[in-house]
């Protein structure tokens, strides 16, 4: 996701360096916490939903405690990008209005599709 790439640019290292999907999911849930049932509705596979639901429950970590060297405005944006359910993530339009990216957004210089 864009949130992973954004954090990897800020940190200059892989955000979730898992060896396989099991470890990858463990690393993701250790940071984001266990997803609610409603956060899994986007998964097409019932087996995938069952697998995630049976994992041990984990509390979300504080991004500020986990990444103290990253500017708070960048962490605010990253937290809104790093969300299990894609429909609950910040949109591009919303992200560009966030203070961290506002200086990069010039509406008159951006192309639009008809």
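The numbers here are math on the coordinates, done by the rules we state, and not lab data. Small disclaimer: the values here were computed from a predicted structure and weren't measured. Counting neighbours? That spans all protein chains shown, and the Cβs are built from the backbone with ideal geometry, glycine included.
Observations, loosely collected:
- On Cα atoms only, tilt of 2-11 relative to the major axis of the chain in degrees: 80
- Gained length - residue 64 relative to residue 91, 0.36 nm times residue gap less alpha-carbon distance: 7.5 nm
- According to the calculation over all Cα-Cα pairs in the chain, the P(r) per 10 Å bin from zero is 12, 40, 32, 14, 3 %.
- Segment 8-71, Rg to Rh (Cα coordinates; Rh as Kirkwood inverse mean 1/r): 1.02
- Tilt relative to the chain, helix 21-32 - C-alpha long axis, 0 to 90 degrees, to 10: 60
- Listed from fewest to most Cβ neighbours within 10 Å, the set 42, 84 follows the order 42, 84.
- Label point 7 Å beyond Cα of residue 36 along Cβ direction - residues of segment 85-114 with amide nitrogen under 15 Å: 85-89
- On a per residue basis, the convex hull of the C-alpha atoms belonging to segment 1-44 measures out at 89 Å³.
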